[in-house]
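A.B. asks: Below is one structure. I have some questions about it.
What follows is calculated from the coordinates using simple rules that are stated; it is not laboratory data. Please read all numbers here as calculations on a predicted model, not as lab measurements. Note that we place each Cβ from the backbone using ideal geometry, even for glycine, and neighbour counts take in every protein chain shown.
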Amino acid sequence: MGKISKIEWTDATWNPWYGCTKISEGCRNCYAERDMKRFGKDFNTITRSKTTFRDPLKWNEPRMIFVCSWGDFFHDDVMDKTRDEAWEIMRRTRSHTYLLLTKRPQNIKMMLPLMWELEYQDWLHIWLGVSVENNDQMWRLVALEEIKAMVKFVSAEPLLGPLPLLHSFFPSLDWVITGGESGPDPRPCNLDWVRDIRDQCVDHGISFFHKQHGGSRKINGAWGGRELDGRTWRDPAYFLPRQLTLHGMQAHRDWLLETSMTDIQNERYRQCVNARQAEIWVVCDFFRKQGIFPHGRKPGQTEGGVNVNFLDGHVDRVYKRPRDSYR
């Protein structure tokens, strides 16, 4: 827990408070409960941290931060004042990217910062996600769909059943994570469920990250292994969110085209908006001038599997994920 995380899809975890209550099948073998017991903490009681509450203010290097890995940011038992203090820390540390993953999306709207509905585009560094372990919990995606946010994602871990209709929510989703259950007495994850989710993501240009097959034995560093059909599926989370490209950036179109962007940048932007190409992600002067870099990584940093084309030497870039490499 803290500055460096073993969770593959994040850089760090931050627990301003810890503790939770189980509400669905995905909670049965909760890893947080096991971890907290090992550290001598009461899982069933929400407790404000005396040591980690202000951690993001101390981290100078931008990073992706999973918030409340030992709980739920939108839990009913968290005091409003405490949650407001956490929001203020996130507001002050826009160089980081915060992942807020919840099983209680019905609480999100009432627990967002004041004026969120009008100012949510200013919170690009806040990503909202829900856990969906089987079809019984698809309602969480319905609830998330009603919330305005620049980036939305879903974690299907532990995956306990097929999600054949997940694609119906893709117009409002940017990233899908899957994983089988690990720990003592894990419930099996059928890899055909994972394949179906992967194919839905590939067909719709959605980033897909498969964390692990699940089980009680590690294979090549992952519980049960992670290779699926001859390769790993670890689409990076760093991209300009699709809804920003297709919706939010249109609202900024006139402003963007009046800035000092070069002709080639303007042309690339027009192509992105006019063709509505969901696989192209543009990071433009709008964010550079605010000092905001999606996913918390500085300009110039790259990872395998992503082609980065710098435009005219600026931090502005285009991400294009080659579809041919998926099949």
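A.B. asks: What are the ³J(HN,Hα) couplings of segment 136-147, residue after residue, when phi is run through the Karplus curve with 6.51, -1.76, 1.60 and θ = phi - 60°? Round to Hz, x for glycine and proline.
C.D. replies: 5, 9, 5, 4, 5, 5, 4, 5, 5, 4, 7, 9
A.B. asks: Met115 to Ser172: FRET efficiency via 1/(1 + (r/R0)^6), r the Cβ-Cβ distance, R0 22 Å, to the nearest 0.05? Write out the running numbers ahead of the final one.
C.D. replies: On the way: r = 21 Å, r/R0 = 0.97.
So, using R0 = 22 Å, E works out to roughly 0.55.
A.B. asks: Residue-wise, which Karplus ³J(HN,Hα) couplings in Hz belong to segment 198-210, taking 6.51 cos²θ - 1.76 cosθ + 1.60, θ = phi - 60°, and x for glycine or proline?
C.D. replies: 4, 5, 4, 5, 4, 5, 10, x, 9, 5, 10, 10, 9
A.B. asks: Moving on. Is the shape of segment 127-211 best called rounded, prolate or oblate, per the rule: a/c under 1.5 gives rounded, else a/b larger than b/c gives prolate, else oblate, with a ≥ b ≥ c the square roots of the Cα gyration tensor eigenvalues?
C.D. replies: Prolate, because a/c is 1.5 or more and a/b exceeds b/c.
A.B. asks: Sorted by mean Cβ packing within 10 Å, highest first, what order do the peptides 181-190, 107-116 take?
C.D. replies: Those peptides, ordered most packed to least, come out 181-190, 107-116.
A.B. asks: Which shape class, rounded, prolate or oblate, goes with segment 12-223 when its Cα gyration tensor gives a ≥ b ≥ c as root eigenvalues, a/c under 1.5 marks rounded, and past that a/b bigger than b/c marks prolate?
C.D. replies: Oblate, since a/c reaches 1.5 and b/c is not below a/b.
A.B. asks: Can you tell me the Rg and Dmax of segment 91-145, counting just the alpha carbons, in angstroms?
C.D. replies: 12.4, 37
A.B. asks: Turning to a different aspect of this structure: Would you mind putting 149-160, 134-145, 43-54 in packing order, based on average other-beta-carbon counts within 10 Å, highest first?
C.D. replies: On the way: 149-160: 24.8, 134-145: 16.8, 43-54: 14.2.
Result, highest mean Cβ count within 10 Å first: 149-160, 134-145, 43-54.
A.B. asks: Please sort 171-178, 210-217 by packing, taking for each peptide the average over its residues of neighbouring beta carbons within 10 angstrom, highest first.
C.D. replies: The peptides rank, most packed first, as 171-178, 210-217.
A.B. asks: When the chain is fully extended, how far beyond the present Cα-Cα distance does Phe39 get from Lys218, taking 0.36 nm per residue of separation?
C.D. replies: Using 0.36 nm per residue and subtracting the Cα-Cα distance, I get 62.2 nm.
A.B. asks: Is the shape of segment 67-163 best called rounded, prolate or oblate, per the rule: a/c under 1.5 gives rounded, else a/b larger than b/c gives prolate, else oblate, with a ≥ b ≥ c the square roots of the Cα gyration tensor eigenvalues?
C.D. replies: In terms of gyration-tensor shape, prolate.
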